[in-house]
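Colleague: Take this structure first; my questions come after.
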Number of protein chains: 2
Amino acid sequence: MDPSTNEDGVGLAFALLASAARMAERIDEGVVRRGFTGLRPTHGFAFAFLAPAGGTVTGLAAHLGVTKQAAAQLVDELEAKGYVRRGPHPHDARARLVELTEAGRACTRAAEAAAAEAAGAWSEAIGADRMGQLRRDLERMAEGGPIRPTW
Amino acid sequence: MDPSTNEDGVGLAFALLASAARMAERIDEGVVRRGFTGLRPTHGFAFAFLAPAGGTVTGLAAHLGVTKQAAAQLVDELEAKGYVRRGPHPHDARARLVELTEAGRACTRAAEAAAAEAAGAWSEAIGADRMGQLRRDLERMAEGGPIRPTW
DNA sequence: CCCTTTGGTCAAGTAGCTTGACCTAATGTC
DNA sequence: GACATTAGGTCAAGCTACTTGACCAAAGGG
């Protein structure tokens, strides 16, 4: 195998992982700065999943790539902090529908603003024109599988 | 704030985090396929740090963004599995120099090959010409801070 | 020479997951 | 419509990769 090709792959992989780490840090920091403390990136992924129309604990578990017990525990925590509410499920008496409260939506907006801020700073560094391309390239790679990283 | 700009930022952030998660999974899977089991991505970052000329536990801790106790524990584990060796430090009697063994170097090569493989698959999807640009863009963003993600 | 800093270890605690057992409601299958 | 299987959720216990805190010994600066 060609060593130089190897090195390119390694460089890309490291850059990708490290830049994702920076992004997560910046979003987290931005969310804290907007007044929402005690939340981890996993919560953000949960918010994003629940935002459109709510969802079940099991659905959330699949989306995050964790067990349903872990997802339930995460929902307990968010419920205790007032970000989500558990209600009856309209079509399934076993299930409970987890929905964002107004506080949850406010927090989601804060996370979006923080993400936009971080992306904006990046855009300044590499140029706005490349950001669209970058996003499309990354989206190609992101397809399939749960959102939450395994590390 | 312009909502569409917000959405762009969110899209980029999600694509970045999700694609990094895919990358980590693929590398991990490739390393396992090459016969090295029981290793997590954090170990890979440790290997990369130690590969050039070894290093101290404290240095590793700073590189990974964890406490030195956590780094020491990680080194214990790698030592028990035969991937690293602790020796005396040439210039500092307090410190111990942690170096890769031959098994450790073999594992590092496997991880590099796995990363190259994953990057190669990606390169096929988006085109080889864009990969270089992508890498440079990501590297700009990755600057500063420890390598290991916080999530 | 101290005095502070730095590399490392020991001990204990914790957060965020896991596996396993179980209950109840929905969904076939006949 | 009875029955078996599947699926959503909870309770309980355990584990692992971290953490904080206290401490020791060597290095290094004034």
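No lab work stands behind these numbers, since they all come straight from the coordinates. Every value quoted in this text rests on a predicted model; they were computed, and no experiment measured them. Positions of Cβ are backbone-derived with ideal geometry, glycine not excepted, and every protein chain shown enters the neighbour counts.
Colleague: Go through region B:31-48 and count every residue that is surrounded by fewer than 19 Cβ atoms within 10 Å (Cβ to Cβ) and either within 15 Å of DNA strand D (Cβ to nearest atom) or within 11 Å of chain A (Cβ to nearest Cβ) (or both). Let's see the steps before the verdict.
Modeller: Residues of region B:31-48 that are surrounded by fewer than 19 Cβ atoms within 10 Å (Cβ to Cβ), as a first pass: B:32-35, B:37-38, B:40, B:42, B:48.
Add one more test, that the residue is either within 15 Å of DNA strand D (Cβ to nearest atom) or within 11 Å of chain A (Cβ to nearest Cβ) (or both), and what stays is B:32, B:37-38, B:40, B:42, B:48.
Residues in region B:31-48 being surrounded by fewer than 19 Cβ atoms within 10 Å (Cβ to Cβ) and either within 15 Å of DNA strand D (Cβ to nearest atom) or within 11 Å of chain A (Cβ to nearest Cβ) (or both): 6 in total.
Colleague: Give me a count of the residues in region B:84-116 that are away from DNA strand C (no atom under 16 Å from the Cβ) and assigned to a loop (DSSP other than H, G, I, E, B).
Modeller: Residues flagged as away from DNA strand C (no atom under 16 Å from the Cβ) and assigned to a loop (DSSP other than H, G, I, E, B) within region B:84-116 amount to 1.
Colleague: Every residue in region A:47-74 that is hydrophobic (A, V, I, L, M, F, W, C) and within 11 Å of DNA strand C (Cβ to nearest atom), please.
Modeller: Initial filter on region A:47-74 (hydrophobic (A, V, I, L, M, F, W, C)): A:47-51, A:53, A:57, A:60-62, A:64, A:66, A:70-72, A:74.
Scanning region A:47-74 gives A:Ala61, A:Leu64, A:Val66, A:Ala70, A:Ala71, A:Ala72, A:Leu74.
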